[in-house]
Amino acid sequence: MAGRIRDEDVKAVRDAVPIDAVVSEYLQLRNAGGGNLKGLCPFHDEKSPSFQVSPSKGLYHCFGCGEGGDTITFVMKVDHLSFTEVIERLAGQVGITLHYEEGGPTPGRQQGERIRLIEAHKAAAQFYAEQMGGAEAEIGRKFLAERGFDQSAAEHFGVGYAPAGWDHLTRFLRGKGFSDKELITSGLASENRRGGAIDRFRGRLVWPIRDITGDVIGFGARKLREDDQGPKYLNTSETPLYRKSQVLYGIDLAKKEIAKTSQAVVVEGYTDVMACHLAGITTAIATCGTAFGGDHIKILRRLLMDNSNAEVVFTFDGDAAGQKAALRAFEDDQKFAAETSIAITPGGMDPCELRLAEGDAAVARLVENRTPLFAFALRTTVARYNLDTAEGRASALEAGAPIVAGIKNSAIQHEYAVQLAGMLGILDSQFVVRRVSQLARWQRDRKQSGAAAPASRTYAQAQSAPASQAPRGPRLDLRSPAHRVERELIKLALQYPHLVSPAFDAYGEDEFTAVPYAAVRRVIAEAGGAEFADDDYLTRVRDVAPDDTVRGMVTELAVEPVMHKAPDIYAGEVLVRVRLLAVERRVGEVRASLSRLGPHADPDQANAVQNELWALQQYGQRLREQGARAL
């Protein structure tokens, strides 16, 4: 069993790895103001970015689904890793040596399964790349050269060669300390009849397939010899690391340019990605042996941020199969806020063949001359009907009008409706426009009547919506002045503890009418209070939280911006407001007690209540007149 990693090593890893650097490996982040960053949440589908990251605090929080935590929590959840696996992975990235309380580090046995599989793939990629220089790999080098790829291109993409023997890689990895079970689990080896391991890829050219963070998680292998009875392309089977429906080849190389240019180009194969990148289209990516689907869309949406200028360009062969694939992509179009386009390669050539035949400029022109996917889908649909007959034109209208009605932008929708009338030869274009508008209205009505409440909320919605819509936790009513100001004070105590100290630490839990805020006030006290906040303050507060609900509230309030541009001025105002509301509530309680005592009350008891009432009223008056000086 793995020993426990020392606390000081965990802290060193946490301090060495900025949360924004880690999160930006998975999604595009943009300035959210107040020192925060925002992006599309990787834990649920949303159209507007409600996922916020606070680099200064090392925390993230989604105001839509409620997920939140620190760097370690983020990697645990997004990659489904254990705490130990995350620490080991991040430590390896920044060169920190970990120590275990139950003995020293024992590489291999004490690493989690995923880390071991990643290490095995990394070693395998290096092994395959080294084999490219050998005599046996001449056939692989020739294959690449015939397609316009030299040695530098192979090195850039990590292309390697798998020797033709049964267990070359297996023996190499055994020598690195990996067990047969690990090699079979990883998909690098297959189990033979005797229960041992043999290489999965033999005598083939291999491409390392990396996830968005750059870790090798699988391979794609191309057949080179006629006597190879296997498929033309053989990919890694489904493993704990590799799920083909969630992988995009080249995403590690393309992600920064995709985020920068707000454009992604989807091609069909490994050599097409290579050809596009070498031709200057460095946003090219490809699926790995499967159709482009929903999980691929999620990956791209997080990089594209669904801004109005974002675009996804699909490239397909101009043959019937390519057109069918394009129409499949069109079915997913409405899952993007980005515009989707199609680039049909001439003469049935793929981008790799086009580059070889006509050069880099031809590949660039292919993408430049793209056609909006709506236009392509409309033309393809209308072409199936005989437009020389009234019946054919009517059928084409009924098939094409729903496509146009699905366009989100009303101005573009109108333009396409007019174009559809022209395609069909219908002189009364307004008739077609009205038909499209009618269908669009029906689609909207159906969606509104049949849809459940939205699953996600933006930060602004979260601030203004009634708390009964909150995804989890106790009820809060942000329309209540008391709840709003209590929330602001807790945010200040977490984000700017020096501005509310030492007064805040003297506030009791009973001064917070919202149960969640009182709970956070309690854990702040248990963590040592705001006055003694240091670099580990937020970590301590989160660690002493009794459950995930309170911990989530701490994270949320530590990330959510305070509602004022000048926190130093605002802090005093909020402290006074919370205290004054508490005083006013107590005044009401004391008056009620005095009323219950009645005219025949014991004089001493009545005087005590009267004195308390007078003291409270005087204190309230000083708070109103002197502000924070009266605290």
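The values are calculated or read from the model by the stated rules, or taken from the named source; none is laboratory data. On a predicted model such as this, the values are computed, not experimentally measured, just so you know. Here the Cβ is made from the backbone with ideal geometry for all residues, glycine too, and neighbour counts use every protein chain on show.
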Practice item. Would you tally the residues in the stretch 501-536 being free of Cβ contacts under 8 Å to residues at least 60 places away in the same chain and either buried (at least 20 other Cβ atoms within 10 Å of the Cβ) or β-branched (V, I, T) (or both)? Key: 12
**Study point:** All positions within the stretch 264-295 that are surrounded by 22 or more Cβ atoms within 10 Å (Cβ to Cβ) and under 19 Å from K47 (Cβ atoms)
**Key:** A264
Point to revise | Enumeration of residues in the stretch 128-139 that are part of a helix (DSSP H, G or I) and either in the same structural domain as E353 (by TED's automatic domain parsing) or over 22 Å from A357 (Cα atoms) (or both) | key: Y128, A129, E130, Q131, E138
Check your understanding: Can you name the residue in the stretch 305-314 that is out of contact with any Phe, Trp or Tyr (no Cβ under 8 Å at 6 or more places or on another chain) and part of a strand (DSSP E or B) and is also modelled with the lowest pLDDT among such residues?
Key -> E311
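K260 - would you say it is surrounded by fewer than 16 Cβ atoms within 10 Å (Cβ to Cβ) and either touching a Phe, Trp or Tyr at 6+ places or on another chain (Cβ under 6 Å) or not assigned by TED's automatic domain parsing to the domain that holds A125 (or both)? Outline the logic, then answer.
Values: surrounded by fewer than 16 Cβ atoms within 10 Å (Cβ to Cβ): yes; either touching a Phe, Trp or Tyr at 6+ places or on another chain (Cβ under 6 Å) or not assigned by TED's automatic domain parsing to the domain that holds A125 (or both): yes.
Spelling it out, K260 is indeed surrounded by fewer than 16 Cβ atoms within 10 Å (Cβ to Cβ) and either touching a Phe, Trp or Tyr at 6+ places or on another chain (Cβ under 6 Å) or not assigned by TED's automatic domain parsing to the domain that holds A125 (or both).
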Point to revise | Number of the condition not met by K142 [criteria: (1) in a helix (DSSP H, G or I); (2) more than 19 Å from R202 (Cα to Cα)] | key: (2)
Study note, to complete from the structure: Of (1) closer than 26 Å to E136 by Cα; (2) touching a residue at least 12 places away in the same chain (Cβ under 8 Å), G175 fails just (2)
Review point. Looking at the stretch 166-199, which of its residues are within 16 Å of I115 (Cα to Cα) and in a loop (DSSP other than H, G, I, E, B)?
Key: K176, G177, F178, S179, G187, L188
Revision key, fill the gap. For the stretch 182-217 the number of residues that are under 24 Å from T271 (Cα atoms) and either buried (at least 24 other Cβ atoms within 10 Å of the Cβ) or in contact with a strand residue (DSSP E or B) (Cβ under 9 Å, 6 or more places away or on another chain) (or both) is 18
**Study point:** Every pair of residues 6+ apart whose Cβ atoms lie under 9 Å, when the first sits in the stretch 578-591 and is assigned by TED's automatic domain parsing to the domain that holds A608 while the second is outside any helix (DSSP H, G or I) and surrounded by 20 or more Cβ atoms within 10 Å (Cβ to Cβ)
**Key:** V578/Y507; V578/F512; R579/Y507; A582/Y507; A582/F512
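Please go through the stretch 389-418 and pick out each residue that is among the hydroxyl-bearing types (S, T, Y) and surrounded by fewer than 20 Cβ atoms within 10 Å (Cβ to Cβ).
Step one: list which residues in the stretch 389-418 are among the hydroxyl-bearing types (S, T, Y), which gives 389, 395, 410, 416.
T389, S395, S410, listed by residue number.
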Exercise for review: Return yes or no: is R585 exposed (fewer than 13 other Cβ atoms within 10 Å of the Cβ) and either closer than 25 Å to Y496 by Cβ or within 49 Å of the chain's Cα centre (by Cα) (or both)?
Suggested key: no
Check your understanding: Among the residues of the stretch 344-363, is any touching a helix residue (DSSP H, G or I) at 6+ places or on another chain (Cβ under 8 Å), touching a residue at least 24 places away in the same chain (Cβ under 8 Å) and under 24 Å from H414 (Cα atoms)?
Key -> no
Review point. Looking at the stretch 331-440, what helices (runs of 4 or more DSSP H) fall wholly within it and have at least 2 residues that are assigned by TED's automatic domain parsing to the domain that holds T271?
Key: 351-358, 360-368, 373-382
